[in-house]
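Worksheet for the structure shown next.
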Amino acid sequence: MMDLMTSTQIQAPPQPSLSFRLRAALMIGRLAASASRLAGKGSGSSIRGKVTLALAPQAFPELIAPRQIAAVTGTNGKTTTTHFLTAAVHASRGIEPDDIVTNADGANLHAGIVSALGQAPEARNAILEVDERVVADVVRQGHPRVLVLLNFSRDQLDRNHELTFLGREWREALEEAGEEGPTVVANAADPLIVWAAQAAHRTVWVDTKPRWTADSVLCPQCGSILLHDDNGWRCEECGLHQPKADWWVDDQKAIRKDGHEYELEISVPGSFNLANATCALAAATEMGVDPYDALLGMREVSSPAGRYATTSINDVLVRLMLSKNPAGWTESLPLATSDPLILAIDAVAADGKDVSWLWDVDYEQLVGRTVICTGPRALDLGVRLEYAGVDHVVIEDLSDVFVCPLLQGRWDQPHPIDVLATYTPFQKLRRMGEHI
């Protein structure tokens, strides 16, 4: 592991020069997106990228290669961390806002990235949220300057079958990149992230101090059971262990190993978001952004892609929170303080199809409050709450929740009703409210 070094100011590459075929494909993609919006089918972001790729199959490498890239990935927190990092870079004194492009809506597969980059083809800098399956392609074709690796969690199993295979793919891409590869800002508390990031030519380790460690049971290098204690995690069979941190979270501060301390003072709640902010601050510093400028930008982030947004649905004031897996629910439940509390759950691919993880979450902390269970898998959640001894009602149709008797007369409540949802109902709630 190399020491954390003082970074130079951002140096932008020359403006991208696009082929005629790609420019034509981008124009047709924009027309398809406009038609999608007019038809009420959504924002058009996805169809724009898909049409562009169909007409110009090399659009992804052609759009991504000429830019200076910072990429963020991980099961939990990548959207918020991308927003933090984008805000930090926007606050830099060495780069113009129009020279930065990002996929702020969270469309993070090949088509979504093409869609975002195609909207700003002349921008020389890109801050990208990247799906875990796309990371290797970004490393090989985009040659990012910085790559932020946050965490792995079990809901990846529905899409990627075996997490170690995914980690191995990242590791191989970083090995191939060698000295030309990115500086990796990596979560030192996640064993699989550490194993993958070891292949990078330079790694900046961040101790995120997570509450949830149940997805870090086996050593990714040899398969033995890992030991966890106050010093972190380690494997006594092969010697893989938690590396010494270059940055870490301490209460409300991000601390750098050279002794500098930075008051985060972010607007989004939760200890996990303090960790996300610390990773973004470390990455911004690697990109040459003054840390104090970065913090000023990051403090403006309040509801990234609708997370933690307060809105009104059927005259009921609600606060929307997204959690997709037991790690996310473990971190988010202590933030959900309203009574009643709404929990919304589905189990399609975007949510994770296996809901057995419900039994790993400490719902017993909700005893004494009333919970409204909603969504297509509300009955599964209701069974779990029954065993936890939590008073609850089941209203499977999300549209019926905000006219139920429990919420009648709640339009003048001093605090919003908390709604904690998996991905699919969360997006439906955004459409129902004011955050599209």
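The values are calculated or read from the model by the stated rules, or taken from the named source; none is laboratory data. Computed from a predicted model, the values in this text were never measured in an experiment. We place every Cβ from the backbone using ideal geometry, glycine too, and count neighbours over all the protein chains shown. Side chains included, ligands, DNA and RNA excluded: accessible areas come from the protein's heavy atoms. Shrake-Rupley method; radii C 1.70, N 1.55, O 1.52, S 1.80 Å.
Overview of values
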{"item": "Leading residue by the ranking (modelled with the highest pLDDT) among those in region 138-169 that are closer than 18 Å to A214 by Cβ and among the acidic types (D, E)", "result": "E162"}
{"item": "Flag if W205 is under 23 Å from D351 (Cα atoms) and either without any contact (Cβ under 8 Å) to a residue 40 or more places away in the chain or not in a helix (DSSP H, G or I) (or both)", "result": "no"}
{"item": "Among the candidates T86, T75, T81, T102, residue that is of a type in the set (V, I, T) and at pLDDT below 95", "result": "T75"}
{"item": "Residues that are under 18 Å from I193 (Cβ atoms) and of a type in the set (A, V, I, L, M, F, W, C), drawn from region 229-254", "result": "W233, C235, C238, L240, A245, W247, W248, V249"}
{"item": "Considering residues of region 34-69 that are within 23 Å of D98 (Cα to Cα), touching a His at 6+ places or on another chain (Cβ under 8 Å) and at pLDDT 90 or above only, the residue surrounded by the most Cβ atoms within 10 Å (Cβ to Cβ)", "result": "G49"}
{"item": "Members of region 300-315 that are closer than 20 Å to N273 by Cα and either touching a residue at least 40 places away in the same chain (Cβ under 8 Å) or in contact with a Cys (Cβ under 9 Å, 6 or more places away or on another chain) (or both)", "result": "E300, V301, S303, P304, A305, G306, R307, Y308, A309, T310"}
{"item": "Residues being assigned to a loop (DSSP other than H, G, I, E, B), hydrophobic (A, V, I, L, M, F, W, C) and open to solvent by 20 Å² or more (accessible area, probe 1.4 Å) - total across region 209-247", "result": "5"}
{"item": "Which numbered condition H83 fails, given (1) touching a residue at least 40 places away in the same chain (Cβ under 8 Å); (2) closer than 20 Å to A177 by Cβ", "result": "(2)"}
{"item": "Yes/no for L31 being at pLDDT 90 or above, hydrophobic (A, V, I, L, M, F, W, C) and farther than 30 Å from F272 by Cα", "result": "yes"}
{"item": "Single condition V114 does not satisfy, out of (1) under 18 Å from the mean Cα position of the chain (by Cα); (2) hydrophobic (A, V, I, L, M, F, W, C); (3) assigned to a helix (DSSP H, G or I)", "result": "(1)"}
{"item": "Selection count where residues are more than 20 Å from A305 (Cα to Cα) and either in contact with a strand residue (DSSP E or B) (Cβ under 6 Å, 6 or more places away or on another chain) or open to solvent by 20 Å² or more (accessible area, probe 1.4 Å) (or both), scope region 122-144", "result": "13"}
{"item": "Filtered residues of region 310-332 (kept if small (G, A, S) and within 16 Å of the chain's Cα centre (by Cα))", "result": "S323, A327, G328, S332"}
{"item": "Residues of region 70-101 satisfying the condition of being crowded, with 24+ Cβ neighbours inside 10 Å and within 16 Å of E300 (Cβ to Cβ)", "result": "T80, T81, T82, H83, F84, L85, T86, A88, V89"}
{"item": "Options F152, F165; residue that is free of Cβ contacts under 8 Å to residues at least 12 places away in the same chain, closer than 25 Å to S216 by Cβ and open to solvent by 10 Å² or more (accessible area, probe 1.4 Å)", "result": "F165"}
{"item": "Residue check for A284: open to solvent by less than 10 Å² (accessible area, probe 1.4 Å) and in contact with a helix residue (DSSP H, G or I) (Cβ under 6 Å, 6 or more places away or on another chain)", "result": "yes"}
{"item": "Residues within region 363-419 that are in contact with an Asp or Glu (Cβ under 6 Å, 6 or more places away or on another chain), open to solvent by less than 70 Å² (accessible area, probe 1.4 Å) and either more than 25 Å from G352 (Cβ to Cβ) or part of a helix (DSSP H, G or I) (or both), tallied", "result": "4"}
{"item": "Residues of region 313-362 classified as in contact with a Ser or Thr (Cβ under 6 Å, 6 or more places away or on another chain), open to solvent by 10 Å² or more (accessible area, probe 1.4 Å) and closer than 25 Å to A214 by Cα, total", "result": "5"}
{"item": "Some residue of region 58-67 being touching a strand residue (DSSP E or B) at 6+ places or on another chain (Cβ under 6 Å) and outside any strand (DSSP E or B)", "result": "yes"}
{"item": "Helices (runs of 4 or more DSSP H) within region 251-352 that include 2 or more residues at pLDDT 95 or above", "result": "271-286, 291-298"}
{"item": "Test result for N276, under 17 Å from the mean Cα position of the chain (by Cα) and open to solvent by 10 Å² or more (accessible area, probe 1.4 Å)", "result": "yes"}
{"item": "Cross-chain or 6+ apart pairs with Cβ under 9 Å, region 245-269 first and in contact (Cβ under 8 Å) with a residue 12 or more places away in the chain, then of a type in the set (K, R) and not in a loop (DSSP other than H, G, I, E, B)", "result": "D246/R256; W247/R256; W248/R256; Y262/K253; Y262/R256; E263/K253; L264/K253"}
